[in-house]
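Heads up, the thing below is written out as C-alpha cells.
The values are calculated or read from the model by the stated rules, or taken from the named source; none is laboratory data. The model shown is predicted, which means the values in this text are computed figures rather than measured ones. We place every Cβ from the backbone using ideal geometry, glycine too, and count neighbours over all the protein chains shown.
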Amino acid sequence: MTTQILQVFDPAMCCSSGVCGPEVDTRLVQFAADVEWLKTHGVIVQRHNLSQNPAAFVANALVKAALTERGEAALPVLLANGQLTLSGRYPARPELASLFKLDLAATPEPAPSGCGCGGTC
C-alpha cells in the first residue's frame, strides 16, 4: 500500500490546530476531528501554520504560487500526495475520504489513549 500524505498549510493561528482560545471556530474543531479520522486510516497528516512555520509556505512552490495569486485568501491550502487539491477552505470529511479513496462507513476503533479521559485529551 502506498503511503498517503495530506499537507495542510493553515493561515496564521494561535496554535497548531487553531482549536484554542476563547472563541473556537467550529469548522476548525470539525477539521481537527477529521484529521484524526484520516490518521486512523493510515494517512500521514502534516500541518503548517503560517505564524509558526512560514518557511514551509515559501519552500513549497504550489503553496507559494497560491499565496502569490490570492494572498491569504488562498489559505488553507491542502495538498494530497503532493498535488494541490483545495484552497481557501477546509474540506468536509466526505471530501477527505474521496481524496484518499477511503470508505466513510469503515471507521477503525480508536486506540485507547491511556490518559483516563476517554480519549478526549
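Number of residues in segment 32-83 that are over 13 Å from the mean Cα position of the chain (by Cα) and free of Cβ contacts under 8 Å to residues at least 24 places away in the same chain: the value is 18.
Quick one: in segment 94-121, which of the residues that are over 15 Å from residue 6 (Cβ atoms) and in contact with a Pro (Cβ under 8 Å, 6 or more places away or on another chain) is modelled with the lowest pLDDT? Residue satisfying both the conditions and the ranking: 119.
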